[in-house]
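In what follows, a structure is listed as structure tokens, so that the remarks can point back to it.
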Amino acid sequence: MKDILSATQAAVVLGCGPQKVRERIRIGEWPGKIIPKAKTKKKSDTYEVNLYELGKYFHISEEEIRQRLADKKEGKG
């Protein structure tokens, strides 16, 4: 698994919606960065969250983050 999470993956870890993650990153409240759509050539900006920064900010271990993502992938969440 990569160390960079999408807004959707971060939302799974935090138990909220992806839009909330994007909004909090946009205003600088939560860790993450915005990749402009002009750079990615996508229809909208891309939001990325470093797994370790997310864990540090929210006091969640790396193992717990990976487990939450695995549980969601397996349909346990």
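Annotations
- Reported count of residues in segment 1-25, each being over 23 Å from Lys73 (Cα atoms) and without any contact (Cβ under 8 Å) to a residue 12 or more places away in the chain, is 2.
- Just so you know, in segment 21-77 the residues that are assigned to a strand (DSSP E or B) and of a type in the set (S, T, N, Q) include one that is nearest to Gln9 (Cα to Cα), and it is Asn50.
- All conditions in (1) open to solvent by 50 Å² or more (accessible area, probe 1.4 Å); (2) out of contact with any strand residue (DSSP E or B) (no Cβ under 7 Å at 6 or more places or on another chain) hold for Gly17, with the sole exception of (1).
- Among the residues of segment 1-20, those that are among the polar types (S, T, N, Q), part of a helix (DSSP H, G or I) and closer than 17 Å to Ala70 by Cβ comprise Thr8, Gln9.
- One residue stands out in segment 21-72 among those that are at pLDDT 95 or above and on the phi > 0 side of the Ramachandran plot: the one that is least open to solvent (accessible area, probe 1.4 Å), namely Gly32.
The values are calculated or read from the model by the stated rules, or taken from the named source; none is laboratory data. Not measured: the values here are computed from a predicted model. Backbone-built Cβ (ideal geometry, glycine too); neighbour counts: all protein chains shown. These accessible areas exclude ligands, DNA and RNA; they are computed on the full protein's heavy atoms, side chains included. Shrake-Rupley method; radii C 1.70, N 1.55, O 1.52, S 1.80 Å.
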